[in-house]
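The values are calculated or read from the model by the stated rules, or taken from the named source; none is laboratory data. Since this is a predicted model, take the numbers as computed values, not measurements. No Cβ is skipped: glycine too gets one built from the backbone with ideal geometry, and neighbour counts run over all protein chains shown. Areas reflect the complete protein model, heavy atoms only, side chains present, ligands, DNA and RNA absent. Shrake-Rupley method; radii C 1.70, N 1.55, O 1.52, S 1.80 Å.
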Amino acid sequence: MGERTIERKKIDTSEVELTSLLRQARRSRGLTQKQLADRAGISRASISKVENDLTDASYSTLRKIVVDGLGGELELAIKL
C-alpha cells in the first residue's frame, strides 16, 4: 500500500468569524437569505457565497449586507 498525503488548509479564523457573524446577525433578525438579499440589493446567491466563505466579499458588498440589509454599522480596523 502506498503512503497517503493529506493536504491541510490553514483556516483564517478572521474570515470564519466574519461569515459566522453575518449568518448569526441575519438569523437574529429573522431574515432568510432571500429577504436579506432583497434589502441589500444583491442576489441570494451572493449572500450564500459570503455566508459559506465561498467568495472574498468586497468592502462594498459587506457594506450593503450589513448597513442596507441588516441595518447595522460596518467598521474597518487596521491594527499594526
Heads up, the helices (runs of 4 or more DSSP H) in the range 4-64 (entirely inside) with at least 1 residues that are modelled with pLDDT under 90 are 13-28
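Given the criterion open to solvent by 30 Å² or more (accessible area, probe 1.4 Å) and in contact with a helix residue (DSSP H, G or I) (Cβ under 7 Å, 6 or more places away or on another chain), identify the matching residue among THR32, THR55.
Working: THR32 fails: in contact with a helix residue (DSSP H, G or I) (Cβ under 7 Å, 6 or more places away or on another chain).
Unique residue meeting the criteria: THR55.
Within the range 65-78, can you find the residues that are part of a loop (DSSP other than H, G, I, E, B) and either closer than 16 Å to SER28 by Cβ or in contact (Cβ under 8 Å) with a residue 40 or more places away in the chain (or both)? Even if it seems obvious, please write down each step before you answer.
If we filter the range 65-78 for residues that are part of a loop (DSSP other than H, G, I, E, B), which is where we start, we get 70-78.
Those that are part of a loop (DSSP other than H, G, I, E, B) and either closer than 16 Å to SER28 by Cβ or in contact (Cβ under 8 Å) with a residue 40 or more places away in the chain (or both): LEU70, GLY71, GLY72, GLU73.
Hey, can you tell me all the residues within the range 58-69 that are open to solvent by less than 40 Å² (accessible area, probe 1.4 Å) and either under 13 Å from LYS34 (Cα atoms) or among the acidic types (Asp, Glu) (or both)? If you could, list the steps in order and put the result at the bottom.
Of the range 58-69, the ones open to solvent by less than 40 Å² (accessible area, probe 1.4 Å) are 61-62, 65-66, 69.
Selection gives ILE65, GLY69.
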